[in-house]
Amino acid sequence: MVFTPVQTRRTFEEAVEQIAEKIKLGELRVGDRLPSERALAEQMQISRPTLREAVKVLADSGLIEVRRGSGGGMFIATELVPPELLHRRDMRIGEVAQVLEARRLLEPRVAQLAAMRAGDDDFHAMERSIEDMRVLVGGGPLTGGGREDRFLQLDVQFHLGMARATGNDMLLTLVRQLYRELEIARDMAMHHELVPDWTIDVHLRTLAALRSGDLAHVDQVMDEHLAQLERTWEQETGRALVRPTPEFLAPLAARRGV
């Protein structure tokens, strides 16, 4: 696991956020061991005392466990990330619409590329995210105890797994940024009663389409996949999303009868 230099004055807070976000996005899982204190401080380019303060916050929140002695170190203890550990900037309604539109243009193509390049490990990772969703929903309503946040986290992990399957790090970075920005719109969607069951179903169908390698079918399922959040956002905000078809997509739109 590679961490990046902390480059702002908020060195302490940013170090906490960087580790917490990797847990939230599924890049770090329960039982994973973080680099040593020296190595982690060097990667983030911060002092070891600053890193120790960040580790203390993460340990106090229950996210990591610090073990002493032989075989000790810093280990991920839970994947339930307290929202207060992640900095959220306010997003204007118009910005959410732009993010939804960017997702509409990017993610169907990401899915098609994943269908061409994904291996067994990629499919297994996406399958595990869906199964964890199913277990979570089977435990009762997604209210209280961070269950909503965990469900959303698993949803994000599926989509990042799909992006990772493309083998293109730039696409993975773009999809990760999209889902950071989409958090407000996704929170709205969770208030819709049928979203959890529908989400599991559409992820299963998306995974089946990826396995099939049928690019037209992948595009069809992704259209449905993305439209649900778009419609929910329109209902919650009372605003319509304007999605003009770019010229470079006109041939595809014509084939689909749009």
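The values are calculated or read from the model by the stated rules, or taken from the named source; none is laboratory data. Note that the structure is predicted; figures quoted are calculated from it, not measured. Because the Cβ atoms are built from the backbone with ideal geometry, glycine has one as well, and the counts that use them run over all protein chains shown. Surface areas here come from the heavy atoms of the whole protein model, side chains and all, with no ligands, DNA or RNA. Shrake-Rupley method; radii C 1.70, N 1.55, O 1.52, S 1.80 Å.
Numbers at a glance
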| read-out | value |
| --- | --- |
| Under Karplus coefficients 6.51, -1.76 and 1.60, residue-wise ³J(HN,Hα) of the range 25-37 in Hz, glycine/proline x | 7, x, 7, 10, 10, 3, x, 5, 9, 6, x, 4, 4 |
| Candidate residues THR199, THR237, THR173: accessible-area rank, largest first, probe 1.4 Å | THR173, THR237, THR199 |
| Label-to-label distance, nm, for residues given as GLN18 and ARG205 (7 Å Cα→Cβ offset) | 4.1 nm |
| Sequence of ARG29, ARG52 when ordered by accessible area, the most exposed leading, probe 1.4 angstrom | ARG52, ARG29 |
| For GLU21, solvent-accessible area (1.4 Å; no DNA, RNA or ligand), Å² | 50 Å² |
| Projected label distance in nm at SER212 and ASP60, using a 7 Å step from Cα toward the beta-carbon | 5.2 nm |
| ³J(HN,Hα), Karplus 6.51/-1.76/1.60, whole Hz, each residue of the range 55-61, x for Gly, Pro | 4, 4, 5, 5, 5, 5, 7 |
| Residues with amide H under 5 Å from that of LEU34, placed H, sequence gap 5 or more | MET74, PHE75, ILE76 |
| With every protein chain in place, the range 19-126: carbon and sulfur % of accessible area (1.4 Å) | 49 percent |
